[in-house]
Structure formats: structure tokens, C-alpha cells
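Trainee: Below are the C-alpha cells for one structure; questions will follow.
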Amino acid sequence: MQGEPCVVAVAERRLGSVSVGKCVGMSVCFKEWEPGTGNAVVDEDSAADNALSLLVRDANRAFARALQSRIARSGVSMGQWFFLRALWEEDGLTQRELSHRVGMMEPTTVTAVNVMEAQGLVQRVRNAHDRRKMNIHLTDKGRALRDVMMPNAEAIAELAIAGIPPKDVAVAMSVLRRVSANLNAVVQQGRDDSGRLDDEYP
């Protein structure tokens, strides 16, 4: 799926399987807040099939807001953060590879790279083996941001699971991985079915 990538795993290198602890709670959805108490009113009867997706979305948005407040100090937007993170993991990706790593459409990637290049964070280098391709390389400035920004991401991930037993976080992570696998299988099956129909009815 294209669009803004999920940020619930902003510090998986450090936290491993404990970075999405608050994405649990599949059987309930918080309908409203009781005035004056700060306690959630839980309506279990209204928990529809999409309750899990809503909770994951809300957790993702909460991560994004919290992280944005930290990384903005470095002059980097959330959109740029995802691309920088991918390049910190593997520098020199092509624009297409970078798009796939981040889960963005290529035109969006081109726009983001243009901005980062203007900021002196990355530079485009024509591929030595295929002149049609451009590889994106971090500059010294872009590379140095890792040491500034990753601790912020790790701090947010730690705060997100504060007060949650490690075993509960591990269960949540396991469930989310299985949910992702199930949905990816559905998508792949749809592609396979579509391909077979194309072959049968050219």
C-alpha cells in the first residue's frame, strides 16, 4: 500500500520486538471519553471488524506526532525521516529502490530527494553500470544526522511501551506480524488471481 509508512517500528534496531507495545487491544474500541474523569468509555458491542485497523492507525499517528516533535529540531520533516532512515540502513539506493523501501510512489520520492538535495543531505550520482539510473548517496551532513535523530526515535519507542510488561509487548508484536502476513497473503493472492485471469482472457 502506498502512502505514509508506518512509524511504529522507529527504533527496532534497539528495541527489537518491543517497539509497538501499544498496538494491542483488538477486542475493544474507545468510543469516547467520559467528561471530567479521563477514563475511556469502552463499548465492546461496537467493536467492528475494523477495530484493530483503527487502533493500529491511531498508534501510528501517535508515534508520528511524538517523533515529529523531536526530529523537527534537526530541520527534518516526517517525510524526509523515512527516506533518511532507509539510506542510513543502506546508502546508495536507486530512486526506485528507495521508493520501495519506504513504500512511497516514485514521484513522491523524487520530490523528497529534490528537497533533501537542496538541503545538502543527499546527492544524486549516476549509476556507473546503468546510466539511466540515479543512485542516492548521503552527504556527510545527512550521515551525521543519524547520531542526532536515532536517539530521539529510540526515546519515543521507549516512552511508547512505558508501563507495559515485556511479555504483553512481545504478544502484541507477534500478533501484528501475523496480521501483516495474513493481509500480505490476501494481496498476493489477488495479484495471482488477476494474473491468471489475464492469461485466460487476453
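Trainee: With every atom except the alpha carbons ignored, what do you get for Rg and Dmax of region 101-202, in angstroms?
Mentor: 20.8, 57
Trainee: Find the Cα radius of gyration of region 83-139, compare it with 2.2 N^0.38 Å by division, and give the number to two decimals. List each step's numbers first, then the result.
Mentor: Numbers: Rg = 10.2 Å, N = 57, 2.2 N^0.38 = 10.2 Å.
Taking N as the residue count of region 83-139, the ratio is 1.00.
Trainee: Which ³J(HN,Hα) values in Hz, rounded to whole numbers, follow from the phi angles of region 177-190 under the Karplus curve 6.51 cos²θ - 1.76 cosθ + 1.60, where θ = phi - 60° and Gly and Pro get x?
Mentor: Taking θ as phi minus 60°, the curve returns 4, 5, 4, 4, 4, 4, 5, 5, 5, 4, 4, 5, 4, x Hz for region 177-190.
Trainee: Listing ILE71, ILE161 from the residue with the fewest other Cβ atoms within 10 Å to the one with the most, what is the order? All intermediate terms of the calculation are to be shown ahead of the outcome.
Mentor: Working: ILE71 22, ILE161 18.
Listed from fewest to most nearby Cβ atoms, that is ILE161, ILE71.
Each reported figure results from applying straightforward, stated rules to the coordinates on display, with no laboratory input. Here the structure is a predicted model, which is why all the values come from computation and not from measurement. Quick reminder, even Gly has a Cβ in these numbers, built from the backbone with ideal geometry, and neighbours come from all protein chains shown.
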